[in-house]
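The values are calculated or read from the model by the stated rules, or taken from the named source; none is laboratory data. Owing to the predicted nature of the structure, the values given are computational and were not obtained by experimental measurement. Neighbour counts are summed over all protein chains in view; Cβ atoms, including those assigned to glycine, are modelled from backbone coordinates with ideal geometry. Accessible surface is based on the protein model in full, side chains and every heavy atom, while ligands, DNA and RNA are left aside. Shrake-Rupley method; radii C 1.70, N 1.55, O 1.52, S 1.80 Å.
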Amino acid sequence: ARTYLTFGLHSLPRFADGRFDFSSATVAPVLNVLVRRGDAVLLMKRSAAVGTYPGVWHTVAGYLDEPWKTNEEKALQEIEEETGISRRSAFVRRVGTPLTLRDARLRKIWLLHTVLVDVPADARVELDWEHTEFRWVLPRDIEAFHTVPGLVHAVRRLAPHRP
């Protein structure tokens, strides 16, 4: 599935590599990747160096700033960048239905695209600068963490149980 962005891309600034810069946009398409190992999913605590939600627990995530890539391609890329888990060892299990989330505090509308990816039981996580710690948790236990808005709902919709 490709993410087609039709809301004024031409007016957005771009990075030198051609990606669109949504950091100041009021509407931003983002990808949340639920990485699953067995029955557990990966939660990571966002570092102080990230632009949004520092110190809050989240999944692998990123802007959908390369509309020429599929959500599946972008998910595997983000997993490799943020966790060090090779995209070759990851398997895209499911692509969720997009959600719209409004964050009044940030004055941002997130166009949330979700992807469920399974990784092997021996997958080792090596965090990049975006996160300070991680936990493998059962989906039902995510509510015990201070997470980004909408994460619990997105997880329930995408991975309510093992296939």
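Considering only the range 100-116, state which residues are open to solvent by 20 Å² or more (accessible area, probe 1.4 Å) and under 19 Å from Pro67 (Cβ atoms).
Within the range 100-116, Thr100, Ile109, Trp110, Leu111, His113 meet the criteria.
Considering only residues that are polar (S, T, N, Q) and in contact with a strand residue (DSSP E or B) (Cβ under 9 Å, 6 or more places away or on another chain), look in the range 80-120 and name the one that is nearest to Arg135 (Cα to Cα).
Thr83
Here is a list: Asp128, Asp141. Which entry is assigned to a loop (DSSP other than H, G, I, E, B) and among the charged types (D, E, K, R)?
Among Asp128, Asp141, only Asp128 is assigned to a loop (DSSP other than H, G, I, E, B) and among the charged types (D, E, K, R).
Taking the range 70-97 as the region of interest, how many residues are part of a loop (DSSP other than H, G, I, E, B), touching a helix residue (DSSP H, G or I) at 6+ places or on another chain (Cβ under 8 Å), in contact (Cβ under 8 Å) with a residue 12 or more places away in the chain and open to solvent by 10 Å² or more (accessible area, probe 1.4 Å)?
The number of residues fulfilling the criteria is 3.
Would you mind stating whether Lys108 is among the basic types (Lys, Arg) and farther than 20 Å from Pro149 by Cα?
No.
Determine whether the range 17-40 contains at least one residue that is closer than 18 Å to Asp128 by Cα, among the polar types (S, T, N, Q) and open to solvent by 30 Å² or more (accessible area, probe 1.4 Å).
Checked against the condition, which is being closer than 18 Å to Asp128 by Cα, among the polar types (S, T, N, Q) and open to solvent by 30 Å² or more (accessible area, probe 1.4 Å), the range 17-40 yields no hits at all.
Taking the residues in the range 126-143 that are within 18 Å of Ala159 (Cβ to Cβ) and of a type outside the set (Lys, Arg) as candidates, determine which candidate is most open to solvent (accessible area, probe 1.4 Å).
In this case the residue turns out to be Glu143.
For the range 144-163, enumerate the residues that are open to solvent by 90 Å² or more (accessible area, probe 1.4 Å) and outside any helix (DSSP H, G or I).
His146, His161, Arg162, Pro163
Of all residues in the range 44-69, how many are open to solvent by less than 10 Å² (accessible area, probe 1.4 Å) and β-branched (Val, Ile, Thr)?
So the count comes out to 2.
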